[in-house]
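Engineer: Starting off with a structure, shown below.
We did not get these values from a lab; they are worked out from the coordinates using the rules stated. Note that the structure is predicted; figures quoted are calculated from it, not measured. Cβ: placed from backbone, ideal geometry, glycine included. Neighbour counts: every protein chain shown.
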Amino acid sequence: MELNEQEGKEHIFSLDNLLEIMGNPTRRIILSKLSKVPLGASELAASFGKRISRQAIHSQLKMLSDNGIIESVGDDPRNIKYRINSNLSLRIDITPDYYNINYNVSKNDEFKNSFKLKDTGCQIDYNKMKTPNKKLRFLGERIKEIEENIRSLEKERNSLLHNKECFIIELKNIIRDQFEEDLKKKEQPNLEKEIFYTVFYDPIKYFKRINIDKLLDDMFFSEMGPIRRDQHKVSIRHLLRDLSNLMDFVREDEDNWFFDI
C-alpha cells in the first residue's frame, strides 16, 4: 500500500480534510463554478435555484475559506466575491492488489509565480498575432492539444498500472507457493507479508535502505501512541529478520535494513 504526499512542501491541510471537502457534491459544484469566474454568495445561491438555501451556501463557503481553498475579494461588504486560492491534485488508485493515494496542495500565488507564458515555448508565435480573436483561437488550439496529450498520458499510465498489478499478482503467487508455510506465525500471521508487500509496492522509497519509521507510517501505525508504536517497531525488526532468512535481498547491517533489488 502507498500513501504519497507532496515532497518538500508543507501541507495546508490533511488528506482526511481534503477527502471530506471533496466528498460533498455541493462544494464540488461551487469549486467548479469558482474555477471559471469569481462569484458572490447570492450569485451562487441563484445558480442552485431552490435546491439549496443562501444560508447553506454561506456555510459551504465558510468551510472552504477556513481550509484555505478559497478566499474572499473586494472591499464592499455588499459585493464580496470568492475565488479559489489553492491548487489541489488528488489521485486514488484502488484494486484488489494495489492501493495508492497521491495528493498535492500548494497556494495559488506559488503556482502563478512559477508559470509564465514564456515557459510554454510559444510566446514568440503568440506575440506575432495582432488581433484578440487570433490570440483566442491560438490559445484554444494549445489547450486542446494539451488535453489530447493528457488523455494519451492517462492511457499510458493505466497500461503501466495494469502491468504493475500483474507483477504484484505474480509476486504474491510466488510467496503463496514457496514461502507461505515459513511466513505463518501464531500471532498476526499476515504481518510479515504485509511488510513485504508494502516495500514492494513502493520500491523507490525503500530501494537500498528500509526506513522503519516510514514503514510504520505506510502500514498505518502512525496514529498509535509512542509506546505501542515502539512495540510495533520492535516486532517489525524481528519480522524483517525472518524475511531476511528467506530472501537474500532483505538484509540487516548494524541495525540498518537494506532492500537490494
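Engineer: Given +1 on the Cβ of Lys and Arg, -1 on the Cβ of Asp and Glu, and no further charges, what dipole in debye does the range 177-243 carry about its Cα centre, rounded to the nearest 20? Before the final figure, lay out each step's value.
Structural biologist: Numbers: 13 positive and 14 negative charges, 69 e Å.
It comes to approximately 340 debye.
Engineer: Give the range of the longest stretch in the chain that excludes all chymotrypsin sites (Phe, Trp or Tyr not before Pro) found in loop regions by DSSP and having at most 14 other beta-carbon atoms within 10 Å.
Structural biologist: Maximal segment without exposed cleavage sites: 1-114.
Engineer: If I take all pairs of Cα atoms in the chain, what percentage of them are more than 31 Å from each other?
Structural biologist: On the way: 16618 of 33930 pairs.
Within the chain, distances greater than 31 Å cover 49 percent of Cα pairs.
Engineer: Separate question: Return the subset of Lys36/Lys128; Lys33/Lys128; Lys36/Lys155; Lys50/Lys135 for which the Cα-Cα distance in this structure is over 30 Å, preserving the input order.
Structural biologist: Beyond 30 Å: Lys33/Lys128; Lys50/Lys135.
Engineer: Same structure again: Kirkwood hydrodynamic radius for the range 219-261: how many Å is it when counted over pairs of different Cα atoms? Let's see the in-between values first.
Structural biologist: Values: mean 1/r = 0.0879 Å⁻¹.
Taking every pair of different Cα atoms in the range 219-261, averaging 1/r and inverting gives 11.4 Å.
Engineer: Moving on to the next point. Divide by every residue of the chain the summed helix terms, -39500 (n - 2.57) for each DSSP H run of at least 4, and state the resulting mean residue ellipticity at 222 nm, rounded to the nearest 500 deg cm²/dmol.
Structural biologist: Mean residue ellipticity, 222 nm, calculated: -16500 deg cm²/dmol.
Engineer: What longest range of the chain stays clear of loop-exposed GluC sites (Glu not before Pro) (DSSP non-H/G/I/E/B, at most 16 other C-beta within 10 angstrom)?
Structural biologist: Counting at most 16 other Cβ atoms within 10 Å as exposed, the longest clean stretch of the chain is 11-179.
Engineer: Which is the longest stretch in the chain that no exposed loop site breaks, taking sites as trypsin sites (Lys or Arg not before Pro) with a DSSP loop state and at most 13 other Cβ atoms within 10 Å?
Structural biologist: The longest uninterrupted stretch comes out as 37-115.
Engineer: For the range 192-231, with only Lys/Arg (+1) and Asp/Glu (-1) charged at the beta-carbon, what is the dipole magnitude about the Cα centre, in debye rounded to 20?
Structural biologist: Result for the range 192-231 is approximately 180 debye, rounded to the nearest 20.
Engineer: What is the ratio of the Cα radius of gyration of the range 36-185 to 2.2 N^0.38 Å, where N is its residue count, to two decimals?
Structural biologist: Dividing the Cα radius of gyration by 2.2 N^0.38 Å gives 1.63.
Engineer: Moving on. Show which lysines lie in cross-link reach of Lys130 when reach means a straight Cα distance below 24 angstrom and same-chain residues fewer than eight apart are skipped.
Structural biologist: Answer for Lys130, where 24 Å is the Cα cut-off: Lys116, Lys118, Lys144, listed by chain and number.
Engineer: So if the hydrodynamic radius of the range 2-88 is defined as the Kirkwood radius over C-alpha pairs, what does Stokes-Einstein give as its diffusion coefficient at 37 °C and 0.692 mPa s, in µm² per second?
Structural biologist: Using the Kirkwood radius from Cα pairs, D works out to 237 µm²/s.
Engineer: Along Cα→Cβ, 7 Å out, is where each label goes; now give me the distance between the ones at Thr131 and Ser47 in nm to one decimal.
Structural biologist: 3.1 nm
Engineer: Related question: Just want to confirm a number: the relative contact order over the chain, from Cα pairs under 8 angstrom separated by 6+ residues, in percent.
Structural biologist: It rounds to 16 percent for the chain.
Engineer: Hey, another quick one. Roughly how big is the chain's charge dipole about its Cα centre, with Cβ charges of +1 (Lys, Arg) and -1 (Asp, Glu), in debye to the nearest 20?
Structural biologist: 2060 debye
Engineer: Any chance you could give the angle, 0 to 90 degrees and rounded to 10, that helix 54-66 forms with the longest Cα principal axis of the chain?
Structural biologist: Around 50 degrees separate the two axes.
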